[in-house]
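Trainee: Mind looking over this structure? Questions follow.
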């Protein structure tokens, strides 16, 4: 599913709510999504457009890197996530 698909309008609405609450928005989108959301944030990473099957993979990689480097910056031990065993063993 491309970021500008049928649910993108709902995503824009959610981004507007985050902005209204002075939240920091980091947006990963394609060229069309960037044009539709350019007034919401200055932190936009434009990724190339691709097929609906590849989009989740393409967008997951930079999100994982952002999460990893954020955790490192905060001093969190990235090799021992909190409550991992609990979330894996509890159904």
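Here, each number is a calculation from the coordinates, and none is a lab measurement. Computed from a prediction, not measured in an experiment: that's the story for all the values here. Here the Cβ positions follow ideal geometry from the backbone for every residue, glycine too, while neighbour counts run over all protein chains shown.
Trainee: Starting from the Cα-Cα distance between residue 64 and residue 46, subtract it from 0.36 nm times their residue separation and give me the gain in nm to one decimal.
Mentor: Full extension of this stretch gives 4.9 nm more.
Trainee: Report the semi-axes of the equivalent ellipsoid for region 7-84 in whole Å, largest first, where each axis is √(5λ) for an eigenvalue λ of the Cα gyration tensor.
Mentor: 25, 18, 11
Trainee: What FRET efficiency comes out for residue 26 versus residue 80 if R0 is 35 angstrom and r is the Cβ-Cβ distance? Round to the nearest 0.05.
Mentor: Once rounded, the FRET efficiency stands at 0.90.
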